[in-house]
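Participant: Attaching a single structure in structure tokens format; questions to follow.
The values are calculated or read from the model by the stated rules, or taken from the named source; none is laboratory data. Bear in mind the structure is a predicted one, so any value in this text is a computation, not a measurement. With ligands, DNA and RNA removed, areas are computed over all heavy atoms of the protein, side chains included. Shrake-Rupley method; radii C 1.70, N 1.55, O 1.52, S 1.80 Å.
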Amino acid sequence: MKNNNYQNGEVQVNHNRFLGYTKDEDGHLIIEPTEAEVVKRIYREYLEGSSLLQIGRGLEAES
């Protein structure tokens, strides 16, 4: 059954720990705009050469 879900485009995601997304009342993934900006920042800084430690420290400093 699980493979059929994937073939039908249905993906099971633990959205409580999936930064940038949440689920609607029907269980469909929807973008959480505020969190999505953080995800974009993480990828952008990584691609610009920042280490994971540097990114993490920058995020912690702003929280």
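Participant: With runs of 4+ DSSP H residues as the only contributors, calculate the mean residue ellipticity of the chain at 222 nm using -39,500 (n - 2.57) per run, divided by the residue total and rounded to the nearest 500.
Facilitator: Helices in the chain give a 222 nm mean residue ellipticity of -15000 deg cm²/dmol.
Participant: Now for a different question. Computing the accessible area with a 1.4 Å probe over protein heavy atoms, can you report the carbon and sulfur percentage for the chain?
Facilitator: Whole-percent figure for carbon plus sulfur exposure: 50.
Participant: While we're on this one: How much area per residue is accessible in the chain when the probe is 1.4 Å and only protein heavy atoms are counted (Å²)?
Facilitator: It amounts to 89 Å² per residue over the chain.
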